[in-house]
Each structure stands twice: as structure tokens, then as C-alpha cells.
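Chemist: Provided herewith is a single structure, encoded as C-alpha cells, for subsequent inquiry.
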Amino acid sequence: FLHSSTKESEDEKKLIYDTRIKEVKASLDGLCFKMSLDEKECEFKASLLGEFNAYNLCACIICARYLGLSVDEIQKRLKNVKQVEHRLQIISKEPKFIIDDGFNGNFSGMSKSYDLCKNYEGRRVLVSPGIMEVNDEENIKLAKIINKCFDLAIITSHKNAELFNKELSIEKIILKDKNELVDTLAKVTQNGDLVLFSNDAPNFM
């Protein structure tokens, strides 16, 4: 929640911002959501990926309105908001749709990013070491989601190699050396593919 103080009252006002947001639509085209503002319903759009960003923007919108920006001005500025690097960052859309989500390393975030990709009309390729430093159960759950969302998985860590080799039912490539990744991608991906880089891990893992 956000806090604001007024001279008229000694009590601190608390605004629960996520109660104002609804109809969040997250896709590879970006975000669209509605929220209650100035006693009316307003629609906002942004090119950011990930449903969670709608709630981040909601808080920013309320702050911007409090500081005097008009709804129209906020709507215009949202269109220019850039994704944080390595957090569902679109690197390119053509000839391959490449998304860098290298700083996302937990089950909740990774699974949501996979779900975001599953409706892509072309072939979907995942590049990931899986989740590091967790029990096998977490990666087994992740493998089930990967099977539903991707056509090909390239596993870049020997640490989880045996588990994913067993649990993945889709086409898979297990790399012994992460340095092989560039050549592998050049050989097995093609124009029109979506390639999601999910989590990043050092070569020794």
C-alpha cells in the first residue's frame, strides 16, 4: 500500500492500490488493464511483459496522479516505459522472437513466464538450467510446465541434466558445456521461433 499525509487529518491515509486494478490482460504484445481513478474506470496499456508489471504500474500511476499528472499524460508515458534488463526483456521480435529473462530464478516467476509463451503461434524454444539450489521436486514441477509450454528445451546445466532428461517429454538438448550454446542455437533454431532465456547460471553449474 501507499501512504500519504494531509494537514486536515493527523491520521495516515492508506491506499490499497491493487484493489483498484482489474481485467489484467498479459500477452507477448504487452499489458492492458483497467483501474479506478478519479472516480471513473480508466484503461492503460504498456509494452511490458508479465502480469506482475500491471500491479507495479498501478502503484506508479497513483503516485503520478497524486503529483498532478493528468490521466491522458500518464497513458501516453506508459507507452514508453522500458522493460528492466534481463526481466522478460524483449531482445528482438524478428526474425526470431527472443526474450531475456535471465534474472528470473524461482519457480513462481519462471512458471509464469513459461505460461506467457505458450500461446505463441510459432515454435517455442526454452533455454534454461532449471532452478538452482532447490530440491528435485521444484524442478519436476517445472518440467511439467515446460512440457505444456514449449516444443524444445535446451538445458544448460549439468546439475539438473539427469532430472530434465527423465522428466521432459518434449524434444530436448542437454548441453555438457554452456559454451556450446551459441553454436547449438544457430543449428537448431530458425526464423519465426520464440526463444526464451530463462534463469542464468555460471558455467561451473
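Chemist: Using a cut-off of 14 Å between beta-carbons, work out the net charge of the residues near residue 137 (Lys and Arg +1, Asp and Glu -1, residue 137 not included).
Modeler: Around residue 137, the surrounding residues sum to -1.
Chemist: What FRET efficiency comes out for the pair residue 166/residue 79, r = Cβ-Cβ distance, R0 = 41 Å, nearest 0.05?
Modeler: Efficiency at R0 = 41 Å is approximately 0.35.
Chemist: Computed over the Cα atoms, what is the radius of gyration of the chain divided by 2.2 N^0.38 Å, N being its residue count?
Modeler: 1.22
Chemist: Straight-line reach from residue 34: which aspartates and glutamates have a Cα under 17 Å away, not including same-chain ones fewer than 8 places off?
Modeler: Reachable aspartates and glutamates: 18, 23, 43, 51, 72, 73.
Chemist: Additional query: Is there a pair in 25/82; 96/144; 22/82; 82/144 whose C-alpha atoms are over 20 Å apart, and which pairs would that be?
Modeler: Among 25/82; 96/144; 22/82; 82/144, the Cα-Cα distance tops 20 Å for 96/144; 22/82; 82/144.
Chemist: Please provide three numbers in whole Å: the alpha-carbon extents of the range 29-99 along the principal axes, with the largest listed first.
Modeler: Reported extents, whole Å, longest axis first: 43, 19, 19.
Chemist: Per DSSP H run of at least 4 residues, take -39500 (n - 2.57); add these up for the chain, divide by its residues and hand me the 222 nm value, nearest 500 deg cm²/dmol.
Modeler: -9000 deg cm²/dmol
Chemist: Convex hull over the Cα atoms of the range 89-139, averaged projected area in nm²?
Modeler: With every direction weighted equally, the projected area is 4.0 nm².
Read the figures in this text as sums done on the coordinates, not as results from a lab. Source: prediction; values computed, not measured. Positions of Cβ are generated from backbone atoms using ideal geometry, with glycine treated the same way; all protein chains shown enter the neighbour counts.
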